[in-house]
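Beneath this line is the structure, given in structure tokens, with notes to follow.
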Amino acid sequence: MASRLVQPGGRVYSFEPDPRARAQLERNLKANHVSNVTVLPYGVTDREGSAWLDRPRLGGSETQITLEASDIEVQTVTLRNFCQKHRIYPSVIKIDVEGAESKVLDGGIEEMRNARAVVLEVHEEKLRNEGVDPSAFLQSLCTLGKRKLILDSKPSAHTMHLALTD
């Protein structure tokens, strides 16, 4: 969908460290003749380096990056460093990182502040598991200087989708 929404000549960068999910995404892009999406094998977080994925979770929507040694080592980037290195100025940023939302924010707050919109899936329970107070995290989004719109909220799943816009 993002491929169709960007202006003519626009680009979409998709970060997917999970090799199974990345292969499926690449197959879908090829089957739909999409040429303006670049799929990258990195996890986006608050630091550059290495992290791990757990094999039992691979290919599912619950894949999480961990610093604890596990089955598959992946490379991590910060949004800030990636954008600076490649001279990319995102106008829209979508984040779905299964509880690592605060780490992505920490590694790319200026890019989010400068984007027209940020679409964010917030996993309250998973944030707590990462040692982050979900209420404090939601409050920290105010520092972006954007209007916060709740797109939907699933209290039973402790998940909400937000759009932060200028």
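Just checking, which of Ile88, Ile93 is under 15 Å from Ala115 (Cβ atoms) and either at pLDDT below 95 or in a loop (DSSP other than H, G, I, E, B) (or both)?
Only one candidate passes the filter, namely Ile88.
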task: Identify the residue in the stretch 13-32 that is among the aliphatic types (A, V, I, L, M) and under 17 Å from Val97 (Cα atoms) and, among all such residues, is surrounded by the most Cβ atoms within 10 Å (Cβ to Cβ).
output: Ala21
query: Looking only at the stretch 41-54, which residues are touching a Pro at 6+ places or on another chain (Cβ under 9 Å) and under 20 Å from Pro90 (Cβ atoms)?
result: Pro41, Tyr42, Gly43, Val44
statement: Of the residues in the stretch 1-30, those that are in a loop (DSSP other than H, G, I, E, B), at pLDDT 90 or above and over 14 Å from Val92 (Cβ atoms) come to Glu16, Pro17
task: Select from the stretch 114-166 the residues that are assigned to a helix (DSSP H, G or I) and among the small types (Gly, Ala, Ser) and write down the one among them that is surrounded by the fewest Cβ atoms within 10 Å (Cβ to Cβ).
output: Ser156
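The values are calculated or read from the model by the stated rules, or taken from the named source; none is laboratory data. Values in this document were obtained by computation on a predicted structure and should not be read as measured data. Reconstructed Cβ throughout: ideal geometry from the backbone, glycine too, with neighbour counts over all protein chains shown.
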